[in-house]
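Notes to accompany the following structure.
Taken together, the values in this text are just the output of simple stated rules run on the coordinates, not laboratory data. Keep in mind it's a predicted model, so treat the numbers as computed, not measured. Here Cβ is always computed from backbone atoms with ideal geometry, including for glycine, and neighbour counts include all displayed protein chains.
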Amino acid sequence: MAMFDRAAEAYDRHAADSPYNAHYDRPAMLDLLGDVSGLHILDAGCGSGLYAAELLARGASVVGVDESERLIRLARKRAPGAQFHVGTLEKPLTWAEDASVDRVLMALVLHHLHYPVNTLREFHRVLRDDGRLLISTGHPTDDWRRLGGSYFTRERIEETWSMGVQTSYRRAPLETLVAEFGEAGFVVEKLVEPKPTETLREKYPAAHEKLSRVPAFIAFRLMKHPDTWVTR
């Protein structure tokens, strides 16, 4: 069973207005994406369609994929103008053609993957040569502060979140993430450590104060290394 299937509705309600999702990650990622009008975007790990609905409203065409069938049902209701597939990012996206999308967005999913390089290579395949891959994930220093030990530790962590979701994610230093991007054929065009928004200050002042001092997430805009382009 997919990680969020048992708590899909609870997770959807949480993500729609939570301090870390709605007022921290999504504003940063949408800003990093920039103008998406007329672009075809793959929302990888799309969840209940919160990003997809916003991208449609901004003029993009969207295809989403998530392993949770229940979350995909919610996404289809929230963003009926998008296409959605139920499937894992750990396997090839057989329904996606080579060089068929302008942007791939993967928000807060990378750290859950067991074989991230394989997934990144699949994104490289489906992206056009001038496309971009947008990724947000847990900040390595946040894991280090919470879990202790060596910053350079690489391990999988098992946790139960407040809504009862049993989750597994990877702890790894920044150099590991960047090395994996390169192994998959990408280079970092821009790195962002998100800053809390004014709406976060108004709705969740304690979270705003904390995130003003300590980053929880880190975001990347990646481009294909020119040596990997199909067309010149």
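Remarks
- Computed extension length for ARG154-GLU175: 6.4 nm, one decimal, from 0.36 nm per residue of separation with the Cα-Cα distance subtracted.
- DSSP bridge analysis restricted to the range 5-226 gives an antiparallel fraction near 50%, rounded to the nearest 5.
- Summary of packing: across the peptides 189-195, 117-123, the per-residue average of other C-beta atoms within 10 Å ranks them, highest first, as 117-123, 189-195.
- Over the C-alpha atoms of the range 5-226, the Rg to Rh ratio, Rh being the Kirkwood estimate, stands at 0.93.
- Among 172-180, 43-51, 74-82, the order from most to least packed when residues are scored by Cβ within 10 Å on average: 43-51, 74-82, 172-180
- Divide the volume of the convex hull around the Cα atoms of the range 43-146 by the residue count and you get 115 Å³ per residue.
- Highest-first packing order for the peptide set 202-214, 21-33, 92-104, 61-73 is 61-73, 21-33, 92-104, 202-214, based on the mean count of other beta carbon atoms within 10 Å.
- Dipole of the range 100-207, positive direction: furthest Cα of THR141, HIS124, ALA206, with charges on the beta-carbon: ALA206
- Placing +1 on each Lys and Arg Cβ and -1 on each Asp and Glu Cβ, with no other charges, gives the chain a dipole about its Cα centre of roughly 260 debye.
- An ellipsoid equivalent to the range 78-127, defined through the eigenvalues of its Cα gyration tensor, has semi-axes of 18, 15, 11 Å when rounded to whole angstrom and sorted largest first.
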